[in-house]
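Input: a single structure, listed below in structure tokens.
Quick note: the coordinates plus some simple rules give every number you see, no bench work behind them. Worth saying up front: this structure is predicted, and the values here are computed from it rather than measured. All Cβ positions, glycine included, derive from the backbone under ideal geometry; neighbour counts span all protein chains shown.
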Amino acid sequence: MSRYVDGFVVPVPTENLDAYRRMARKAGKIWREHGALEYVECVADDVKPGKSTSFPQSVKLKANETVVFSWIVYTSRKHRDAVNAKVMSDPRLADMMDPKAMPFDGKRMFWGGFKTLVEL
């Protein structure tokens with residue numbers, strides 16, 4: 001079964017990890033309620049700066065921050081678009097969308113949608 005994945009990489013100040021975790025749990029529940037198959041948030045454990053590029057370099061990681069790598073799984077891009085439309089109109093998410101209330105720098109976050117290439 002081919003699936004569709006949204007991937008995210010975010011720099012989070014280490015002092016804000018608990019706040020980020022609370023936000024992610026709430027967001028994950030909302031995405032799942034609206035039909036996402038999986039919602040996963042991972043914090044860096046073995047992520048080093050590279051010579052040319054790396055997770056830390058991609059988000060211009062600061063000394064007091066860590067990288068969070070996340071993904072949400074859907075059945076297809078069409079399914080993703082439908083789920084995201086519902087999620088973005090969900091009033092429970094509104095307070096999390098305010099850049100001033102986010103426990104991370106949203107300007108250094110990056111994301112994208114991916115078609116499955118190999119799935120074992």
| query | Got at least one residue in segment 20-37 being farther than 27 Å from Arg77 by Cα and among the acidic types (Asp, Glu)? | reply | no
| note | Residue count, segment 94-105, condition more than 14 Å from the chain's Cα centre (by Cα), among the aliphatic types (A, V, I, L, M) and in a helix (DSSP H, G or I), comes to 1
| query | Which residues, counting only those in segment 68-86, are farther than 27 Å from Phe55 by Cα and either among the hydrophobic types (A, V, I, L, M, F, W, C) or under 13 Å from the mean Cα position of the chain (by Cα) (or both)? | reply | Ala82, Val83, Ala85
| said: Given the criteria of a type in the set (Ser, Thr, Tyr), closer than 19 Å to Tyr39 by Cβ and surrounded by fewer than 16 Cβ atoms within 10 Å (Cβ to Cβ), does Ser58 qualify? | reply: no
| said: Condition first: under 17 Å from Ala24 (Cβ atoms) and of a type in the set (Val, Ile, Thr). Can you find one or more residues in segment 77-98 that meet it? | reply: yes
| query | Which one of these is in a helix (DSSP H, G or I), within 25 Å of Pro99 (Cα to Cα) and of a type in the set (Phe, Trp, Tyr): Tyr39, Tyr20? | reply | Tyr20
| message | Can you report the number of residues in segment 29-56 which are of a type outside the set (Lys, Arg) and more than 22 Å from Glu15 (Cβ to Cβ)? | response | 14
| Across segment 74-94, which residue is surrounded by the fewest Cβ atoms within 10 Å (Cβ to Cβ) among those that are closer than 13 Å to Phe114 by Cα and polar (S, T, N, Q)? | Ser76
| query | For residues in segment 63-93 being part of a helix (DSSP H, G or I), among the charged types (D, E, K, R) and touching a residue at least 60 places away in the same chain (Cβ under 8 Å), which is farthest from Met23 (Cα to Cα)? | reply | Arg77
| message | All but one of (1) surrounded by 15 or more Cβ atoms within 10 Å (Cβ to Cβ); (2) over 16 Å from Gly106 (Cα atoms); (3) touching a Phe, Trp or Tyr at 6+ places or on another chain (Cβ under 7 Å) hold for Val40; state the number of the condition that does not hold. | response | (1)
